[in-house]
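Data block below; observations after.
The values are calculated or read from the model by the stated rules, or taken from the named source; none is laboratory data. Keep in mind the model is a prediction, meaning the values are calculated, not measured. All Cβ positions, even for glycine, are placed from backbone atoms using ideal geometry, and neighbour counts span all protein chains on display. Heads up: the accessible areas ignore ligands, DNA and RNA and are worked out on the full protein's heavy atoms, side chains in. Shrake-Rupley method; radii C 1.70, N 1.55, O 1.52, S 1.80 Å.
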Amino acid sequence: MAIYLDCNATTPLEPAVLTLVNRFMEREYGNAASPIHDFGAFARMATEHARGQIASLVAARRDEVIFTSGATEANNLALLGLMQHGQATGRRHLITTAIEHKAVLEPLSEMERLGFTLERLPVDASGRLEPRRLAAALRPDTLLVSTMQINNETGVSQPLAELALLLAGHAAFWHVDGAQGFGKEIEPLTNQRIDLLSISGHKIYGPKGIGALIARKRDGAFPPLTPLMFGGGQEQGLRPGTLPVPLIAGLGEAAKLAQRDHATRADRCRAFRQRLLKALEPLAPVLNGDQQWVLPHTVNLSLPGIPSDRAITALKGLVAVSSTSACTSHTRTPSHVLTAMGLDEQRIETSIRLSWCHLTPEPDWEAILTTLHGLRDQ
């Protein structure tokens, strides 16, 4: 069976998370909105306990955690949810970067279509936003700045601390897509200047179908979001529907384990990375993105002379890897991230992304090297 090296697309479940999810699926199946009996009361307690576990990991308040189906929904709620406020106040200027996930770029493009002005800040070959670009783009009527924490394709960490300093004192709401970094790079997401933070369970060894939007209060008031759906009034009136208690409990447990174990996990991933790069060294790979800012569980590299689609197909019996974001890998268009970084066509067409975790077993590096050498010789 192939070794899974696509953890940026989704991660395996931690065994303790799976145990807890099954418990709430099989035995503790009450509705958190029905605390009139023990089943519902326990479901409510489990939900609030998980809310506290998630809040603790990002130094937020429990009531600032709004459960969603994942980071994509959280992104949409954070961005489109500010639209009415922008229209009412006349603040219609939006800022993002060219390397954001489509779950951010597409809602913002919809706002642009509806009359907002959107600036997409460029990056260079480092894959990292230069803070000075944000400083130059900010305007008095800027409603929203949306930047990611970790790029999903390159693993490059963005300069959130510097961006926070630039935004200090500015009225703009700051949204951070934390899907790839939540539970892995801890400190940046505790910055209290971040107004809106999107997270997803299946990126931190939790279940799919659950995530959250952390909506931090500013001067005692929540960000002025308008809900995208109606009916039920759950989650501060922002996200109606019956809460998926098993998934929420699983996300809470995953957050707890991430807070406890993130340093050990990072050490294991770092050691794996060293072995991976050593094994592939004979192929003279070209690493994409400034490696001093890449998290230890990701590498994006180009293998000269080996098209990525051929490499992925040839390796599928040994390892599962990808060439772009999982959400866009079904298309034939080049990576918008690597294109935004200014990489040439050949380098993009030969790029693959490998991503792993503390649960990843060791692949057969010799067989991988032999397979790739064979492709280059063809």
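Can you return the lysines within cross-link range of residue 203? Criterion is Cα-Cα under 23 Å, with same-chain partners fewer than 8 residues away left out.
Partners found: 102, 184, 256, 316.
Could you order peptides 207-220, 80-93 by the average number of other Cβ atoms within 10 Å of their residues, highest first? Working shown, then result.
Working: 207-220: 19.9, 80-93: 17.3.
For the peptides 207-220, 80-93, the packing ranking is 207-220, 80-93.
If you roll a 1.4 Å probe over the stretch 82-183 with all protein chains in place, what percent of the accessible area is carbon or sulfur?
Working: 1810 of 3440 Å².
For the stretch 82-183, the apolar C and S fraction of the accessible surface comes to 53 percent.
Given H placed on each backbone N at 1.01 Å, which residues far from residue 148 in sequence or on other chains put an amide H within less than 5 Å of it?
177
Which FRET efficiency value, to the nearest 0.05, do you get for residue 219 and residue 26 by plugging their Cβ-Cβ distance into 1/(1 + (r/R0)^6) with R0 = 45 Å?
Values: r = 45 Å, r/R0 = 0.99.
The formula returns an efficiency of 0.50 here.
Need one word for the stretch 155-240: rounded, prolate or oblate. Basis is the Cα gyration tensor (sqrt eigenvalues a ≥ b ≥ c); a/c below 1.5 gives rounded, then a/b vs b/c decides.
The shape class here is oblate.
Can you run phi through the Karplus equation (6.51, -1.76, 1.60; θ = phi - 60°) for the stretch 197-206 and list ³J(HN,Hα) in whole Hz, with x for Gly and Pro?
Going residue by residue, I get 9, 9, 9, 9, x, 7, 9, 10, 6, x Hz, with x marking Gly and Pro.
Share of antiparallel DSSP beta bridges in the stretch 144-237, in percent to the nearest 5? Walk me through the numbers on the way to the answer.
Details: 7 of 15 bridges.
Bridges in the stretch 144-237 that DSSP calls antiparallel: roughly 45 percent.
Below 8 Å between Cα atoms, with a sequence gap of 6+, how large is the relative contact order for the chain in percent? Walk me through the numbers on the way to the answer.
Values: 743 pairs, mean separation 93.6, N = 378.
This gives 25 percent for the chain.
I'd like the carbon and sulfur percentage of the solvent accessible area for the stretch 1-60, probe radius 1.4 Å, heavy atoms only, ligands and nucleic acids excluded. Kindly include the intermediate steps, with their values, before the conclusion.
On the way: 1910 of 3100 Å².
After summing per-atom areas, the C and S share lands at 61 percent.
Can you list residues from other chains, or at least 5 along the same chain, whose modelled amide H is less than 5 Å from the amide H of residue 205?
Amide H neighbours of residue 205: 11.
For the chain, take the longest principal axis of its alpha carbons; what is the angle in degrees between that and the long axis of helix 71-80, to the nearest 10 within 0 to 90?
Value to nearest ten degrees: 60.
Counting only DSSP beta bridges with both residues in the chain, what percent are antiparallel, rounded to the nearest 5?
Details: 20 of 39 bridges.
In the chain, DSSP labels about 50 percent of beta bridges as antiparallel.
Residue by residue through the stretch 25-30, what is 3J(HN,Hα) from phi via Karplus (6.51 cos²θ - 1.76 cosθ + 1.60, θ = phi - 60°)? Round to whole Hz and write x for glycine and proline.
Those phi angles translate into 6, 8, 10, 9, 9, x Hz.
Provide the per-residue ³J(HN,Hα) series for the stretch 291-300, in order, calculated from phi with Karplus coefficients 6.51, -1.76, 1.60 and θ = phi - 60°, each as a whole number of Hz, with x at glycine and proline positions.
Running phi through 6.51 cos²θ - 1.76 cosθ + 1.60 with θ = phi - 60° gives 5, 5, 10, 7, 5, x, 9, 9, 9, 10 Hz.
Calculate how steeply helix 102-113 sits against the longest principal axis of the alpha-carbon atoms of the chain, using the helix alpha-carbon long axis, and give the answer as 0 to 90 degrees to the nearest 10.
Helix 102-113 and the main axis of the chain meet at about 60 degrees.
Which label marks the calculated value of Rg/Rh (Cα atoms, Kirkwood Rh), given the options (1) 1.03; (2) 1.01; (3) 0.98?
(3)
Where only protein heavy atoms count, and the probe is 1.4 Å, what is the accessible area per residue for the stretch 275-378 in Å²? Mind dumping the intermediate values first?
Numbers: 4900 Å² over 104 residues.
Per residue, the stretch 275-378 has 47 Å² of solvent-accessible surface.
Give the accessible surface of the stretch 79-147 per residue, rounded to a whole number of Å², with probe radius 1.4 Å and ligands, DNA and RNA excluded.
Details: 2750 Å² over 69 residues.
Roughly 40 Å² per residue, with all protein chains present.
How far is helix 365-377 tilted, in degrees, relative to the longest principal axis of the Cα atoms in the chain, given as a value from 0 to 90 rounded to the nearest 10?
The angle comes out near 70 degrees.
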